[in-house]
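The values are calculated or read from the model by the stated rules, or taken from the named source; none is laboratory data. Just so we're clear, the structure is a prediction, and the values are computed from it rather than from any experiment. Every residue, glycine among them, receives a Cβ derived from its backbone with ideal geometry; neighbour counts consider all protein chains shown. Side chains included, ligands, DNA and RNA excluded: accessible areas come from the protein's heavy atoms. Shrake-Rupley method; radii C 1.70, N 1.55, O 1.52, S 1.80 Å.
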Amino acid sequence: MNGSIYLKFILTVLTLSVIILGYLGISALDRLHRVNVRLLEKIEKGEFIKTAPEKKKVSAEKNFSSNIANLQFFDKNAVSGGRLIRAIEAEPPNLNPIVCNEATASQMYGLCSVSLAARNWEKPEEFLPMLAESWTISKDHKKYRIKLRRGALWQRYTDPVSGREVPPREITAEDFKFFIDVIKNPKVNCAPLRVYYQDLDKVEIHSPYEFTVTWKKAFFGSMSSTLGLSPLPRHFYLKEGEKFDGSAFNDDHVRNKMIVGCGPYRLVRWEKDRRLLFERNPDYFGNAYGIAPSLEYLVFEVIKHPNTRFQALGGKKIDQLGLTPDQWVRRADVPMFKNGSVRRLKYLLPSYTYIGYNQKNPLFRDKRVRRALTMLIDREKIRKDIYFDLAENVNGPFFPGSSYYNKNIKNLPYSPVAARKLLAEAGWSDSDGDGILDKNKEKFSFTMLQIATSSIQQKMMPMIKESLAKAGIDMKIQNVEWSVYIRRLEERNYDACCLGWMSNFDPDMYQIWHSSQRSSGGSNHIGYANAELDKLIIKMRETFDMPERIRLAHRISEILHEDQPYTFLFCPYSLVALSSRYRNVRIFPSGLADEAFWVPPAEQLPVPGL
């Protein structure tokens, strides 16, 4: 997909995605176990411990070299031009990839960024060269020596303060070290990101084009964390000789509204509350290697309401849209689908949705209560009536299509009788006869956050509220905008929430489930802690033996199933509507690769208002 593995496969995992509960984006993974098994086998055999042959000088013309990631998936007959317009329901707060923990921002930055290596779109267990020309890995998995490709450039830009035109400059090892230095700086607001590099010991620069990344200990995710490194433009954030200030970096609102990248696209316009416009980057090194995108413009239109977005698709004002299950089923006979002008694509996402219970609230500290809440939610009815069967049940945080998923665990049944019994065991009863359970003079009443623009949640929450009310639980629903929702999570200022997480190629439960991540900045926003789980998470991080990793994952799922800190809901299908103008459209294990799309000249459309 987009060049930066780091942003694609790690930041995405960290992001509390706005594409939640069936409104999920357009990436998928259905071969997680096979991917990791083959990856491990290749590492152990030393297949990645090699140096690629030197490349000849690249001319200005396309050089279809095999020493570049995913070249084979670009159509040599593609023509340039055209646009791809997507709709988003809210713009991101900023575009700094380090301090902004938001899905849309990550996606946009990924358009403008490239990492050392990229996963093979078809065989994601394979890492292929991008900014790295080659690399070697020590047998103990602790040292990665990287040789950079020469001639890769940062894009040209206008300095927002001085107004000075800054020409393209070459990317060097210093830019990668700067990235790590920023991540490691305790004043930088990037706690979720920092977790993945907490065991990275040092970055040693040998020359402008060669450096070594050393880890303190063997870590299963060190390969993707290292080869997924993207550079950070030191010259954009610091003047020559200036000392880095983490607090200033966080609060640089001018620069954080910009992107200075080295990828296939560049941000050229941000019209607040309306659109963000990207165009092809003329300085992108991939232009010379045959992996330049054909589409000239990518546009993100801010359209808040689902029905308005759907109408925009029918009116050719947007080209691609993630559909809700309701739209997929009930609007299948609209003209744009029947006449073939818009095609529909369906595939499973490596993700799960959930209801999370904030354990700062004493109501949710007893696992009997949490189990009862789960048993009061008729998940099968929700799956059928709201998702229209376009979702798979899940029992834990691992993708159901992988061997990490524990199939021996059976979801708690929908059983109001059993739930009431658990609540009574936990000391809850209706002592005053008002229909609401109470304990020690405290009513069982809480508020569920609801995303204002989520049609799924608008239908699901009243159903849950009614079910809980029958058991004597008062659940209020608070409708909030996405930006407010995110802030409430970060501040731990909520009772219960309904969200989703994306899964990763190399599952790592630390950032979401380890007790150390309960503090503000970590993604264990519900404040859950379990001593055995903490030990298993650490052990899984340090284990390279695949059967043992799977065993640990299964035990992790058993603990979470027993404790029910989340009510695990579904793995939804990705439901995508895409204009039929686009050619070279393929679904890969990790989703659609839109940078390989192209449109014939006769079918190309301009960007409105450009």
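What the table below lists for this structure:
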read-out	value
Shape category assigned to the range 206-277 from the gyration tensor of Cα positions, a/c cut at 1.5	prolate
10 Å binning of all Cα-Cα separations within the range 107-199, expressed as whole percents from 0 upward	12, 33, 40, 12, 2
Cα gyration tensor category, rounded, prolate or oblate, for the range 418-461 with a/c compared to 1.5	prolate
Cα-derived Rg to Rh of the range 357-408, Kirkwood definition	1.06
Counting all C-alpha pairs of the range 236-328, share separated by more than 15 Å (%)	72
For the range 347-450, fraction of C-alpha pairs farther apart than 22 Å, in %	42
Surface accessible to a 1.4 Å probe, D385 within the full protein complex, Å²	80
Accessible solvent surface per residue of the chain, calculated while the other protein chains remain in place, 1.4 angstrom probe, Å²	39
Accessible area of the range 71-136 belonging to carbon and sulfur atoms, whole % at 1.4 Å probe	46
Where E442, E425 fall by accessible area, highest first, once all protein chains stay in place (1.4 Å)	E425, E442
Residue-averaged 222 nm ellipticity for the chain, from DSSP H runs of 4+ at -39500 (n - 2.57), nearest 500	-7000 deg cm²/dmol
R0 of 22 Å, Cβ-Cβ distance R331-R586: FRET efficiency to nearest 0.05	0.30
Probe 1.4 Å, all protein chains present, accessible-area order of T453, T353, largest first	T453, T353
Rounded to 5, the percent of DSSP beta bridges in the chain classed as antiparallel	80
Charge dipole (debye, nearest 20) of the range 172-317; +1 at Cβ of Lys and Arg, -1 at Cβ of Asp and Glu	680
Protection-proxy order for peptides 289-296, 163-170, each taking the mean of Cβ atoms within 10 Å per residue, highest first	289-296, 163-170
Equivalent ellipsoid dimensions for the range 258-302 as semi-axes, Å, which come from the Cα gyration tensor, largest first	22, 11, 6
Shape call, the range 440-582: gyration tensor on alpha carbons, a/c limit 1.5	oblate
Order of exposure, largest accessible area first, which applies to L267, L321 with probe 1.4 Å	L267, L321
Per residue convex hull volume, Cα atoms of the chain, in Å³	147
D_trans [Stokes-Einstein, Kirkwood Rh over alpha-carbon pairs] for the range 153-229, 4 °C, 1.567 mPa s, µm² s⁻¹	91
Diffusion constant of the range 522-610 at 25 °C, which comes from Stokes-Einstein with the Kirkwood Cα-pair radius and 0.890 mPa s, µm²/s	137
Hull-based mean projected area of the range 482-565, where the convex hull spans the alpha carbons, in square nanometres	5.9
Percent carbon-and-sulfur accessible area, the range 440-526, ignoring ligands, DNA and RNA, probe 1.4 Å	48
Check: the chain dipole with +1 on Lys, Arg Cβ and -1 on Asp, Glu Cβ, in debye	720
From the C-alpha gyration tensor of the range 55-182, square roots of 5λ in Å	26, 22, 19
Evaluated over the range 160-292, the Cα radius of gyration and Dmax, each in Å	16.4, 47
Cα gyration tensor of the range 307-378 - equivalent ellipsoid semi-axes, whole Å, descending	40, 13, 11
Portion, in percent, of the accessible area of the range 262-338 that falls on carbon or sulfur, probe 1.4 Å	46
Which listed pairs, of K410/K441; K184/K407; K316/K407; K421/K476, have C-alpha distances above 32 Å, in listed order	K410/K441; K184/K407; K316/K407
Violating pairs (Cα-Cα greater than 24 angstrom) within the set K187/K216; K123/K338; K304/K381; K123/K346; K147/K217; K360/K443	K123/K338; K304/K381
Where the Cα pairs of the range 393-509 fall when distances are cut into 5 Å bins, in %	2, 9, 15, 15, 17, 17, 16, 7, 2, 1, 0
